[in-house]
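The structure under discussion appears below in the form of structure tokens.
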Amino acid sequence: MLLIPCPWCGPRDEVEFHYGGQAHVAYPEDPGSLSDAEWARYLFFRDNPKGPFAERWSHTAGCRRWFNMVRDTATNEIHAVYRPGEPRPVVA
Amino acid sequence: MSAHDPADGLPEHPERLWSSPEPERSYDVVIVGGGGHGLATAYYLARNHGITNVAVLEKGWLAGGNMARNTTIIRSNYLWDESAGIYEHALKLWEGLEDDLGYPLLFSQRGVLNLAHSLQDVREGVRRVNANRLNGVDAEWLDPGEVGEVCPIVNVSPDVRHPVLGATYQPRAGIAKHDHVAWGFARAAAAMGVHLIEHCEVTGIDVEGGRVRAVQTTRGRIAAGRVALCAAGHSSVVAGLAGVELPLQSHSLQALVSDLLEPVHPTVVMSNAVHVYVSQAHKGELVMGAGIDACNSYRQRGAFHIIERQMAAALELFPVFARAHVLRTWGGVVDVSPDASPVVGLTPVDDLYVNCGWGTGGFKATPGVGWCFAHTVAHGEPHPLNAPFSLERFTTGALVDEHGAAAVAH
């Protein structure tokens, strides 16, 4: 079970949060120009690294705000949390 | 053993089930992953296609990953024709597998109930029963009273938070002893000349001119005419070594067992809505599975709050379990696809084949996917039963959406 440091509320238990998958996945800038393969990539393909992963969480039982987190999927170590719109921090 | 030992009836093993050869420098086929699917693929490559110059490479020990961590449920009551094709093919193979392998698997066709707790569950269940029957899969719809007759310890009272409104029932479904399944395939494959190589992690895949040539391993480079990936939860990582991206997300999937009990649970019960699935192992443990942990993970352990929810669901459905003790919990790493169906077939790299994305339900498919994937690797084109499960379906849109029948929340 994770102790997640919400950027607004501070450390809270994982059960207060909702998981939102990979962070920084932008909607296509020009959707009409995408090929089927490019749509497939946007809709169905997400990174699945064994290691640091930038992902979205929502503090649903607290401030109800979304934020981003870099967590290691092999160890559960939380490297960083940051607010939407902020760039992904460089982590070791 | 005393006459009352719950382990009575468990078979004795031969002293040695397979040899442990040094890896050769080259094989016709290298299978990456020595779990149930890798071993079954090796077995059917040898048995059905006469291809025996095969190595199965396993980074740990044989069948020590998800094969050792699953809840051993076997069924074929999926919704769509494509799924019925491959899962029912598997179930028919299960029904003759002990004789085929010459090895006891404790395959027990004790039936599976999928409970309905809402009107929508009822409609989905009845629809699936009808779809199953049209596909020649045995299926019945049971009302709550009939559920109580099949499994008397299920609480079918209307006075609970999520009352049982009925269930689908597949009488031919059941369980098998997972370790024996792996050992049976391993023994039979090794007897036909397949090399089973443990503690041999694949660290690279050599691709030249768009064609796979070799794998790099912790025990050196091994050239390969063809490479077949059966790495389950780590499929994204392994395929990535060849530059192939897969539409998968890896998650922990947890399960637990109770201490040994007298026989109390005659069938298998699954409940998608409240989220638990339960059977009683041959030895007497209650085997209970949960849903996946939400966040991506390669850790073979999960979060405790998932188990809390699972136990709450179990206790409501089975009040008798209140007296049981949790003996141990564990997690496997499952690779989940966007439509809750597997990805089996060719890749953009020639002679590199992939079998992955089985998510929470790979065990039941073991002989069926081994059969079909061996055909795919041997002929360089998909077996008709796994042709619908190609990577291309995510581009064409011909998805096989089994989220409802997959029964585990993911």
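Here are some notes:
- If you go through the stretch B:53-98 and keep only what is closer than 19 Å to B:A190 by Cβ and either without any contact (Cβ under 8 Å) to a residue 40 or more places away in the chain or not small (G, A, S) (or both), you end up with B:N53, B:V54, B:V56, B:L57, B:E58, B:K59, B:W61, B:L62, B:G64, B:M67, B:L97, B:E98.
- Meets criteria (surrounded by 13 or more Cβ atoms within 10 Å (Cβ to Cβ) and in a strand (DSSP E or B)) for A:R41: no
- Any hit, the stretch B:252-267, residues being acidic (D, E), within 14 Å of chain A (Cβ to nearest Cβ) and free of Cβ contacts under 8 Å to residues at least 60 places away in the same chain: no
- Being touching a Leu at 6+ places or on another chain (Cβ under 6 Å), more than 14 Å from chain A (Cβ to nearest Cβ) and touching a residue at least 24 places away in the same chain (Cβ under 8 Å) is a description that applies to B:G204.
- Filtered residue count, the stretch B:260-290, keeping only those that are under 25 Å from A:L3 (Cβ atoms) and at pLDDT below 90: 1
- Contacts under 6 angstrom Cβ, first residue in the stretch B:19-33 being more than 12 Å from B:L229 (Cβ to Cβ), partner charged (D, E, K, R), 6 or more apart: B:P23/B:R219
- Subset of the stretch B:277-314 (residues that are within 22 Å of B:G359 (Cα to Cα), assigned to a strand (DSSP E or B) and touching a strand residue (DSSP E or B) at 6+ places or on another chain (Cβ under 6 Å)): B:Y277, B:V278, B:S279, B:V287, B:M288, B:G289, B:A290, B:I292, B:D293, B:A294, B:C295, B:N296
- Test result for B:A223, modelled with pLDDT of 95 or more, among the hydrophobic types (A, V, I, L, M, F, W, C) and at positive phi: no
- Exactly one residue out of A:T60, A:T73 is surrounded by 15 or more Cβ atoms within 10 Å (Cβ to Cβ) and at pLDDT 95 or above: that is A:T73.
- Scanning the stretch A:1-35 for residues that are within 14 Å of another protein chain (Cβ to nearest Cβ), within 20 Å of A:H59 (Cβ to Cβ) and exposed (fewer than 12 other Cβ atoms within 10 Å of the Cβ) yields one hit, A:L3.
The values are calculated or read from the model by the stated rules, or taken from the named source; none is laboratory data. Bear in mind that the values here come from a model prediction, so they are computed numbers and not experimental data. Cβ: placed from backbone, ideal geometry, glycine included. Neighbour counts: every protein chain shown.
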